[in-house]
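Participant: Once you've had a glance at the structure underneath, I'll fire off some questions.
The values are calculated or read from the model by the stated rules, or taken from the named source; none is laboratory data. Since the model is a prediction, treat every value here as computed from it, not as a measurement. When we count neighbours, we look across all protein chains shown, and the Cβ atoms used for this are built from the backbone with ideal geometry, even at glycine. Accessible surface is based on the protein model in full, side chains and every heavy atom, while ligands, DNA and RNA are left aside. Shrake-Rupley method; radii C 1.70, N 1.55, O 1.52, S 1.80 Å.
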Amino acid sequence: MTKVSDVIKAIERIAPLRFQDEWDNSGLQVGSAGDEVTGILVCLDITEDIVDEALAKGCNMIVSHHPLLFHSLKQVSDSTYQQRCVTKAIKEGIAIYSAHTSLDNAPGGVNHKIAELIGLKNPEWLEAKEDSGSGLIGELPEALEPERFLETLKTTFKVESLRHSEPAGKPVKKVALCGGAGAFLMPLAKTLGADCFITGEFHYHDYFESDGMLLVELGHYQSEQYTQDLLKDILEKALPGIQIQITEINTNPIRYR
């Protein structure tokens with residue numbers, strides 16, 4: 001019998017909670033560690049549709065990247081989508097676990113998945129911590145002209161509208177990256193001589209501070225969408241007898257024209 005605690009152990013062997021940033025809330029969000037698990041739905045974000053999908057697919061546990069709960073709830077009613085998700089999950093006996101910056105900062109975690117998709121060689125932490133780190137920097141197998149590199153990123157991450165700074169007219173070889181909201185690492189990327197820095201989202205004024213480094217904004221969802229595959233792989237290796245499915249729902253709340 002697989003319990004919620006077994007799922008937690010499988011994830012935290014790769015992404016222990018000590019790796020998460022101090023402001024984060026990775027970990028068990030809803031449910032009891034001793035409950036039996038019959039099926040797991042993996043997703044990036046938790047919405048009411050995700051909870052309904054778990055029910056429809058016979059999954060009584062949801063493992064997400066982004067936490068449903070960042071801040072304490074002052075009530076559990078139906079006034080916000082978070083409250084509605086918690087209420088339904090409790091009523092239906094669905095456990096929820098989130099591996100957020102614990103997995104971002106883990107060796108072989110979210111940023112390493114992005115680096116793998118880009119083809120980055122010998123990636124190292126942008127900001128090293130004890131046994132973990134934030135962001136990565138490495139080199140492409142060969143230098144690419146900016147336009148070619150941008151088109152490759154657009155295709156790989158299925159980006160409908162790619163935002164980027166003005167290319168400086170030099171090839172891209174050394175690349176820094178951070179999934180999600182990684183703009184805080186931009187100064188380090190510049191200091192380490194990156195030709196390009198890729199993340200999920202920048203602020204408007206960040207573009208004025210690029211100093212010739214190509215900035216590429218994939219979109220928060222697009223930059224981390226393959227985290228679902230990463231989580232599924234982790235769970236399948238540790239729990240071969242449990243049905244594990246990736247959501248069929250695109251939870252990106254942003255639309256493009």
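Participant: Rounded, prolate or oblate for the range 2-102? Axes are the square roots of the Cα gyration tensor eigenvalues, ordered a ≥ b ≥ c, and the cut-off for rounded is a/c under 1.5.
Facilitator: oblate
Participant: Using unit Cβ charges (K, R positive; D, E negative) and no other charged atoms, how large, in debye to the nearest 20, is the dipole of the chain about its Cα centre? Present the calculation step by step, with values, prior to reporting the outcome.
Facilitator: Details: 24 positive and 38 negative charges, 53 e Å.
Here the size comes out at about 260 debye.
Participant: Placing +1 on the Cβ of each Lys and Arg and -1 on the Cβ of each Asp and Glu in the range 206-257, which of Gly241, Ser210, Tyr226 has its Cα farthest towards the positive end of the resulting dipole?
Facilitator: Gly241
Participant: Same structure again: Spelling out what I want: for every residue of the range 70-87, take phi, set θ = phi - 60°, compute 6.51 cos²θ - 1.76 cosθ + 1.60 (Karplus), and round to whole Hz; glycine and proline get x.
Facilitator: Rounded to whole hertz, the list is 9, 10, 4, 7, 8, 7, 10, 9, 9, 7, 10, 5, 4, 4, 5, 5, 4, 4.
Participant: Counting only protein heavy atoms and a 1.4 Å probe, tell me what percentage of the chain's accessible area is made up of carbon and sulfur.
Facilitator: Heavy-atom surface of the chain belonging to carbon and sulfur, 1.4 Å probe: 48 percent.
Participant: Solvent-accessible area of Met1, probe 1.4 Å, all protein chains present, reported in Å² to the nearest ten, please.
Facilitator: We get 150 Å² for Met1.
Participant: I've got another one for you. Give me the percent relative contact order of the range 51-207, please, defined on Cα pairs under 8 angstrom at least 6 residues apart.
Facilitator: Value for the range 51-207: 17 percent.
Participant: Additional query: State in Å² the accessible area per residue of the range 142-191; use a 1.4 Å probe, count heavy atoms of protein chains only, and round to the nearest integer.
Facilitator: 53
Participant: Test of understanding: given the chain, find the longest segment containing no chymotrypsin sites (Phe, Trp or Tyr not before Pro) that are in a DSSP loop and have at most 14 other Cβ atoms within 10 Å.
Facilitator: 71-255
Participant: Could you state how much accessible area Arg84 has, in square angstrom rounded to the nearest 10, with a 1.4 Å probe and all protein chains kept in place?
Facilitator: 80
Participant: From the protein chains alone at 1.4 Å, what is the descending order of accessible area for Lys9, Lys3, largest first?
Facilitator: So the residues, ranked largest to smallest area, are Lys9, Lys3.
Participant: Name the shape class, rounded, prolate or oblate, that the alpha-carbon gyration tensor gives for the range 177-216, where a ≥ b ≥ c are the square roots of its eigenvalues, rounded holds for a/c under 1.5, and otherwise prolate holds if a/b is larger than b/c and oblate otherwise.
Facilitator: It is oblate, given that a/c is not under 1.5 and a/b is not larger than b/c.
Participant: Got the relative contact order for the range 111-187 handy, in percent, Cα pairs under 8 Å and 6 or more residues apart?
Facilitator: Relative contact order, the range 111-187: 35 percent.
Participant: To the nearest 10 square angstrom, what accessible area does Val30 show with a 1.4 Å probe?
Facilitator: For Val30, solvent-accessible area is about 10 Å².
Participant: Now for a separate question. Of all GluC sites (Glu not before Pro) in the range 101-140, which ones are in loop regions per DSSP and have a Cβ with at most 10 other Cβ atoms within 10 Å? Please list the in-between numbers first.
Facilitator: Values: sites: Glu116, Glu124, Glu127, Glu130, Glu139; in loops: Glu130.
Qualifying residues, ordered by number: Glu130.
Participant: Show Glu248, Glu48 ordered by accessible area, largest first, where the area counts protein heavy atoms only and the probe is 1.4 Å.
Facilitator: Details: Glu248 150, Glu48 70 Å².
Largest accessible area first, the residues go Glu248, Glu48.
Participant: Considering only C-alpha atoms, what is the centroid distance from the range 141-186 to the range 34-72, in Å?
Facilitator: 32
Participant: Which order do Glu201, Glu217 take by accessible area at a 1.4 Å probe, largest first?
Facilitator: Glu201, Glu217
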